[in-house]
Amino acid sequence: MSRCPSQIVLAISVLGRLGVITLKEPFDLLAHPVVIVVTVVLLLIELFVDKRPAIDHLNDVLQTFIRPA
């Protein structure tokens with residue numbers, strides 16, 4: 001299974017929240033509970049739409065405008 005950016009952000013956020021790693025400013029905001037919840041929601045959406053070809057294509061089209069170059 002390939003890693004998506006949401007999984008990486010979630011792992012860093014949880015490790016920072018648990019104190020396993022120290023996040024310096026401005027990355028310390030990743031350990032905030034709201035950021036963790038939003039990341040979980042985005043991850044669940046990404047995992048759900050990945051299984052539906054039509055929705056996956058629509059998601060890719062929408063993310064084309066969001067993704068950094």
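The values are calculated or read from the model by the stated rules, or taken from the named source; none is laboratory data. The structure presented is a predicted model; accordingly, all values stated were derived computationally and were not measured. Ligands, DNA and RNA are stripped out before the accessible areas are found, and what is left, the full protein with its side chains, is counted by its heavy atoms. Shrake-Rupley method; radii C 1.70, N 1.55, O 1.52, S 1.80 Å.
List of remarks:
- Considering helices alone, the calculated mean residue ellipticity of the chain at 222 nm is -20000 deg cm²/dmol, with DSSP H runs of length four and up weighted by -39500 (n - 2.57) and normalised per residue.
- You can think of it this way: the chain between residue 28 and residue 46 has 4.0 nm of extra reach, that is 0.36 nm per residue less the Cα-Cα gap.
- Residue-normalised accessible area of the chain, given per residue in Å² at a 1.4 Å probe: 81
- Helix screen, the chain: no DSSP H segment has Cα axial length of 30 Å or more and mean Kyte-Doolittle hydropathy at least 1.0.
- Share of carbon and sulfur in the accessible heavy-atom surface of the chain [1.4 Å probe, %]: 71
- At 0.692 mPa s and 37 °C, Stokes D of the chain from Kirkwood alpha-carbon radius, µm² per second: 248
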